[in-house]
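Worksheet for the structure shown next.
The values are calculated or read from the model by the stated rules, or taken from the named source; none is laboratory data. Remember, predicted model here, so these are calculated numbers, not experimental data. Backbone-built Cβ (ideal geometry, glycine too); neighbour counts: all protein chains shown. Calculation scope for accessible area: heavy atoms of the full protein, side chains included, ligands and nucleic acids excluded. Shrake-Rupley method; radii C 1.70, N 1.55, O 1.52, S 1.80 Å.
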Amino acid sequence: LLSASELTRRLTVDLSPPILQGEGLYHALVWLSTRMKEEYGLVVTVQQKTEWQPLEEGMRVALFQMARELLFNVVKHAGVDEATVLLAQADEMVTVTVNDDGRGFDAEHPPVIGGQGLRQARQRVELYGGRLSLESAPGAGTRATITVPLRRPVAA
């Protein structure tokens, strides 16, 4: 049985791992891929598709949390043991895409996705001017794409 302090430490690390502070989003997602394999048997391949400019900490944390929630959805709903996370930056936009070849769903009538964690992460990404798009079809897997401006928009 875990002590309250050990449980608190683990939850803190899971929500915002220390590697996010120094190494950046790619290395944090590689760390997460190891955790997903150890804890859930999900093999996650992380690929950085373009040159990468550093992101401010709040955006790194928001993107990490959103990717983590999407990977949890793969574990819970896709019925597969592999997923891919692709990172790219182009035209002043950051894109994080989570792909799986699982069950999929009818994109015209999507299920209610995730619990409170995904809703909170989605709201946080929207604070950065970002959005989440889902592409899926029954039996054809799911592609979830998070897109945010490289620089946070200035509030009017």
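Taking the range 76-92 as the range and being open to solvent by less than 50 Å² (accessible area, probe 1.4 Å) and either in a loop (DSSP other than H, G, I, E, B) or farther than 13 Å from Thr145 by Cβ (or both) as the test, the residues that pass are Ala78, Val80, Ala83, Gln89. Filtering the range 29-72 to residues that are more than 13 Å from Thr95 (Cα to Cα) and either modelled with pLDDT under 90 or assigned to a loop (DSSP other than H, G, I, E, B) (or both) leaves Gly41, Leu42, Pro54, Glu56, Glu57, Gly58, Val61, Gln65, Glu69. Taking each residue of the range 70-81 that is over 16 Å from Ser33 (Cα atoms) and looking for partners that are crowded, with 17+ Cβ neighbours inside 10 Å and of a type in the set (Ser, Thr, Tyr) with beta-carbon atoms closer than 9 Å, six or more apart or interchain, yields His77/Thr142; Ala78/Thr142.
Scanning the range 43-54 for residues that are under 15 Å from Val96 (Cβ atoms) and open to solvent by less than 90 Å² (accessible area, probe 1.4 Å) yields Val44, Thr45, Val46, Gln47, Gln48, Thr50, Trp52, Gln53. Any residue at all in the range 110-131 that is assigned to a strand (DSSP E or B), open to solvent by 90 Å² or more (accessible area, probe 1.4 Å) and modelled with pLDDT under 95? Yes: the range 110-131 contains one or more residues that are assigned to a strand (DSSP E or B), open to solvent by 90 Å² or more (accessible area, probe 1.4 Å) and modelled with pLDDT under 95.
Among the conditions (1) open to solvent by 50 Å² or more (accessible area, probe 1.4 Å); (2) within 13 Å of Val125 (Cβ to Cβ), the only one that Glu57 does not satisfy is (2).
Does Thr95 count as open to solvent by 20 Å² or more (accessible area, probe 1.4 Å), more than 22 Å from Arg35 (Cβ to Cβ), modelled with pLDDT of 90 or more and in a strand (DSSP E or B)? Full working, then the answer.
Details: open to solvent by 20 Å² or more (accessible area, probe 1.4 Å): yes; more than 22 Å from Arg35 (Cβ to Cβ): yes; modelled with pLDDT of 90 or more: yes; in a strand (DSSP E or B): yes.
So Thr95 fits the description; yes.
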